[in-house]
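To keep things clear, I will list the structure first and then write my remarks on it.
What follows is calculated from the coordinates using simple rules that are stated; it is not laboratory data. This is a predicted model, so every value here is computed, not measured. Neighbour counts are summed over all protein chains in view; Cβ atoms, including those assigned to glycine, are modelled from backbone coordinates with ideal geometry.
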Amino acid sequence: MSRVNRATAAQSLSVSLTVGAYGVAFGAASVAAGFTVWQSCLLSLLTFTGASQFAVVGVLGAGGSAISGIATATLLGVRNTLYGLRMAPVLNVKGLRRIFAAQLTIDESTGVALSQEKIGLREMRQGFWLTGFGVFIFWNIFTLAGALGAQAMGDPAAWGLDAAVPAAFLGLLWPRLINKTDRFLAVAACALALAMTPYFVPGVPIISTALLAVFFGLRARVWK
Amino acid sequence: MEIDLIDPFWLAVIGTSVLAFLLKYLGHNVPKSWLSNPRILKINSLIPIALLSALVAVQSFTKDSRLIADQRLAGVGVAVLALILRAPFPVVVISAAATSAALFHLN
């Protein structure tokens, strides 16, 4: 392996630590939703994509079925396909390495890799692998810590965990609300999900808002 | 260790993990032209906004399929305030938890 660019390594490490620490919130949310500590850790090891993990525990925690939980999580994971598409020619790996690369393809590894584009291809690769492995390690350690902590706490509401979970989602969502369309969609999705809640089984109101995203996506091109 | 696939929690863990990996792996294996339609890219960027917003709303305002305003709502309100003030993520989460817990114990 060629020499590691120091700035790339520093950026990878800081992203890994910051994002990995969110794992505490996930581990706690997962146990509060009714998953075991072991199941929470498996979700972080195997699913390894934050928004999807929060979604599946959120849907099941609200009483939704496994199918609606899986469907919501999977829709949130589609963006990783697009990241893979972008990263494949940069990484140029085959076989087992491609499998590892796929598992590590998330917001952060892709983000750091793309931010090294001006420096060079070698730094893009380093950014991807360092951030991917870094987030993987910290995310899993912190998930275990959060899950064990929540298990020791007892009633999640007594510790405010029932508000910490939607607050964590909000923290993930906030930076994505860039323009008017995004904000309008966010408000519309809240309204639709709440309006449907009394009449549909849990999980369905959440996943139904994907149709709003499709509608807004089709309209967005007309506005351009 | 017994893994019961009928158990919704195990089904969710395994189903979500398998599909998450397949989606990631697909990206590394399909020709770029397949997914470069700008309309698909736009919709793909909007889907997380819709789903995450809906999750926040459902977790803040509902309980057992009923609309309800309780201590969680106050906690999330404080989180919104923290986000507007550009507080870092841990501050957002902890201030929400502290508010909700305080109101829970007052009741």
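Using only Cα atoms and rounding to the nearest 10 degrees, what angle (0 to 90) does helix A:6-32 make with the longest principal axis of chain A? Computed tilt is about 20 degrees. How far is helix B:38-61 tilted off the main Cα axis of chain B, in degrees rounded to 10, range 0 to 90? It works out to around 30 degrees. What residue among B:Ala74, A:Gly34, A:Thr18 has its Cα farthest toward the positive end of the dipole of the protein assembly as shown, where the charges are +1 on Lys, Arg and -1 on Asp, Glu, each on the Cβ? Highest projection toward the positive end goes to A:Thr18.
When only Cα pairs below 8 angstrom with a gap of at least 6 residues are kept, chain A shows a relative contact order of 32 percent. The residue list A:Gly64, A:Asn179, A:Tyr199 was ranked by how far each Cα lies along the charge dipole of chain A toward its positive end, using unit charges on Cβ atoms, and A:Asn179 comes out on top. For the range A:1-142, a crude dipole built from +1 on the beta carbon of Lys and Arg and -1 on the beta carbon of Asp and Glu, taken about the Cα centre, is about 540 debye to the nearest 20.
Please give the net charge around A:Met124, taking every other residue with its beta carbon less than 13 angstrom from that of A:Met124, where Lys and Arg add +1 and Asp and Glu add -1.
Within the 13 Å Cβ shell, the charges total +2.
When the alpha carbon gyration tensor of the protein assembly as shown is reduced to an equivalent ellipsoid, its three semi-axes come out at 31, 23, 20 angstrom, largest first. Of A:Met87, A:Met196, A:Met124, A:Met153, the sequence from fewest to most neighbouring Cβ atoms within 10 angstrom is A:Met153, A:Met196, A:Met124, A:Met87.
Per residue of chain A, the DSSP helices (runs of n ≥ 4 H) give a summed -39500 (n - 2.57) that works out to -26000 deg cm²/dmol at 222 nm.
Dipole size of the range B:1-97 about its Cα centre, with +1 on Lys/Arg Cβ and -1 on Asp/Glu Cβ: approximately 640 debye, rounded to the nearest 20. Computed extension gain for B:Ala102 through B:Arg86, at 0.36 nm per residue and net of the alpha carbon distance, reaches 3.4 nm.
For chain A, the longest principal axis of the C-alpha atoms and the axis of helix A:161-173 are separated by about 50°.
Near A:Gly160, once Lys and Arg are set to +1 and Asp and Glu to -1 for all other residues with Cβ below 13 Å from its Cβ, the sum equals -2.
By counting other Cβ atoms within 10 Å of each Cβ, how are B:Lys24, A:Lys118, B:Lys63, B:Lys42 ranked from fewest to most? Don't jump to the answer; show the numbers that get you there.
Details: B:Lys24 24, A:Lys118 7, B:Lys63 15, B:Lys42 19.
Ascending Cβ contact count within 10 Å gives the list A:Lys118, B:Lys63, B:Lys42, B:Lys24.
Roughly how many Å is it from the Cα centre of the range A:71-114 to that of the range A:1-55, as a whole number? Spelled out, the Cα-based centre of one part sits 15 Å from the other.
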